[in-house]
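Each remark here refers to the structure printed beneath this line.
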């Protein structure tokens, strides 16, 4: 038997590709022992060396192609009426590893709900022969040992993805309604001769929607027991987007109520529940610190940092390649990669599936599809507690730079108040960052090198961070444009007027504190210029560290250096003197030396002084 590394060397492929070929069943006889693939010595290389997902059938024209499943989370409908990327080998992986309770944490709109519905349709006992929805899928080729599980289990399925309300009362009413619907899917229990009278009475109470909050906490546990009694087989419990109402509770001030409810709700379902075959949960965060999964030592967490199941949520490069071929848009592969690729789940490079299908379905027009699906609450919450250091790092990320950050997968929303540096962990799990390098620490956290995944996410950083720094409003956006124009034309009086106008109309006098405050303010004001400039902050050059520099992306723009100064209670004359001092510092410490070494000679220099809301700008063209 050979390893993936040995075979990769023989076939001239990467180890990751060989691993993918094994996962997709493309190498006959390959078996997984623990986490290592064992491959027969006489294994044959696939004809094209690629991993193909699902069935690819070339269409004569785009008009004959199936539509893409935008917003479709119904597996039966998605695989029959739409272009479907086959993720059914997730079933094989789960049956091979047999984790009792699995939690999959992935960003929103990365296919979690569709995958969970796929599991429901595969495993659930049904009057309909549901095997027909899998006979042409990858799982069916894996053998009778896997096919024998199809349609053999009672299933409890609840998705919390739409539980987004402003109050605890509305939230618990919605949860009551979801449980009512799920109990309604199991009407056979109402007349079952295997259930006791008190069980049927409880069933009727949930079905009627009259159960109180305490009674609802036992709903999963009791339903699993009743289903096990009726069918003689313990059910599978699937909970999709479990943390959506918890996120709402955090932002809408009913956090303690929702966390307390969920703790009891999940404990009865998954902790020491003998009436459980498997449990599957999805979400964005693993909320361990809140003890929602307290004592649940049978929980297996699969996060964006883990290698297991790394290619089942989102699209792989090969899947995107096949999709573009199907829709006769292969020439768009580089553009699509630039905009929507770049996520790293485990060891697998992943594309954002929501954005990919929207991009192709809308004629391959690149724009921020994923970030426009709703408010970016996580980024908004992060920016509320961002320190000066964090704001600067976020700005560096927005410029395409890499940042070193500690990633704790157990982070929760309210930990932001305790340590704002936890924002990087939230941004990673929510899909706003990717890990380029990671090193496991003794406490279970990771020290990572992170960056923005792609152009789409860069767009939301630009919009959200600019909005935050400018305290967004029509006047501030207009002012930012004026500032950009004045920098281009070296009109320092116009620049001074625009900054003063912004400060006067949008900043409280008491907000204006120290130099770091003004530094962040100016970074925000010039953020609109990042298409024309690479913007750097606090970098060494010459004999010191300049405050802000703008390196032109094209020769037709001048370079710009800014030095900022701040002092309290200055008169107009004193403020002008401070601006002269700031400008002189650029000259004295040769902050332009790095630019000149790179061949940039057209350089604008600005000394800017602040005192409260007052500002003075001095400049000279070289």
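Determine if the range 229-249 includes at least one residue that is out of contact with any helix residue (DSSP H, G or I) (no Cβ under 8 Å at 6 or more places or on another chain) and either surrounded by 21 or more Cβ atoms within 10 Å (Cβ to Cβ) or within 20 Å of residue 113 (Cα to Cα) (or both).
Looking through the range 229-249, at least one residue is out of contact with any helix residue (DSSP H, G or I) (no Cβ under 8 Å at 6 or more places or on another chain) and either surrounded by 21 or more Cβ atoms within 10 Å (Cβ to Cβ) or within 20 Å of residue 113 (Cα to Cα) (or both).
I need the full set of residues from the range 4-29 which are at pLDDT below 80 and more than 15 Å from residue 347 (Cα to Cα), in order please.
Those that are at pLDDT below 80 and more than 15 Å from residue 347 (Cα to Cα): 6, 7, 8, 9, 10, 11, 12, 13, 24, 25.
Name the single residue, out of those in the range 376-401 being in contact with a helix residue (DSSP H, G or I) (Cβ under 7 Å, 6 or more places away or on another chain) and modelled with pLDDT of 75 or more, that is surrounded by the most Cβ atoms within 10 Å (Cβ to Cβ).
394
Residue 569 fails exactly one of the following numbered conditions: (1) closer than 24 Å to residue 485 by Cα; (2) touching a residue at least 40 places away in the same chain (Cβ under 8 Å). What is the number of that condition?
(1)
Could you grab me the full set of residues in the range 513-566 that are part of a helix (DSSP H, G or I), more than 15 Å from residue 398 (Cβ to Cβ) and either out of contact with any strand residue (DSSP E or B) (no Cβ under 8 Å at 6 or more places or on another chain) or at pLDDT below 65 (or both)?
515, 516, 517, 521
Just to check your reading of the model, which residue among 126, 102 is within 13 Å of residue 236 (Cα to Cα), outside the structural domain of residue 67 (by TED's automatic domain parsing) and not in a helix (DSSP H, G or I)?
One residue alone meets the criteria, 102.
Show me the helices (runs of 4 or more DSSP H) entirely contained within the range 208-324 in which 2 or more residues are more than 24 Å from residue 162 (Cβ to Cβ), modelled with pLDDT under 95 and not assigned by TED's automatic domain parsing to the domain that holds residue 111.
In the range 208-324, no matching helices (runs of 4 or more DSSP H) lie anywhere.
Considering every residue within the range 148-160, establish whether at least one is free of Cβ contacts under 8 Å to residues at least 40 places away in the same chain and in contact with a helix residue (DSSP H, G or I) (Cβ under 8 Å, 6 or more places away or on another chain).
Checking the range 148-160: at least one residue is free of Cβ contacts under 8 Å to residues at least 40 places away in the same chain and in contact with a helix residue (DSSP H, G or I) (Cβ under 8 Å, 6 or more places away or on another chain).
Is there a residue being surrounded by 15 or more Cβ atoms within 10 Å (Cβ to Cβ), under 23 Å from residue 270 (Cα atoms) and free of Cβ contacts under 8 Å to residues at least 12 places away in the same chain anywhere in the range 177-199? Give the steps one after another, and end with the answer.
Our first condition is that a residue be surrounded by 15 or more Cβ atoms within 10 Å (Cβ to Cβ); within the range 177-199, this holds for 178-180, 182-183, 186, 189, 192, 195, 199.
Filter once more, so that each one left must be under 23 Å from residue 270 (Cα atoms): 178-180, 182-183, 186, 189, 195, 199.
Still in the list and also free of Cβ contacts under 8 Å to residues at least 12 places away in the same chain: none.
Scanning the range 177-199 turns up no residue that is surrounded by 15 or more Cβ atoms within 10 Å (Cβ to Cβ), under 23 Å from residue 270 (Cα atoms) and free of Cβ contacts under 8 Å to residues at least 12 places away in the same chain.
Taking the condition of being over 19 Å from residue 276 (Cβ atoms) and either in contact with a helix residue (DSSP H, G or I) (Cβ under 6 Å, 6 or more places away or on another chain) or part of a helix (DSSP H, G or I) (or both), how many residues in the range 193-205 meet it?
6
Of the residues 61, 113, only one is surrounded by fewer than 16 Cβ atoms within 10 Å (Cβ to Cβ) and either at pLDDT below 95 or not assigned by TED's automatic domain parsing to the domain that holds residue 341 (or both); which?
61
Please go through the range 402-444 and pick out each residue that is surrounded by 16 or more Cβ atoms within 10 Å (Cβ to Cβ), part of a loop (DSSP other than H, G, I, E, B) and either in contact with a helix residue (DSSP H, G or I) (Cβ under 6 Å, 6 or more places away or on another chain) or at pLDDT 80 or above (or both).
408, 411, 413, 430, 431, 432, 433
The values are calculated or read from the model by the stated rules, or taken from the named source; none is laboratory data. Just so you know, these numbers come straight off a predicted model, no measurement behind them. Cβ coordinates were reconstructed from backbone atoms using ideal geometry, including for glycine residues, and neighbour counts include every protein chain displayed.
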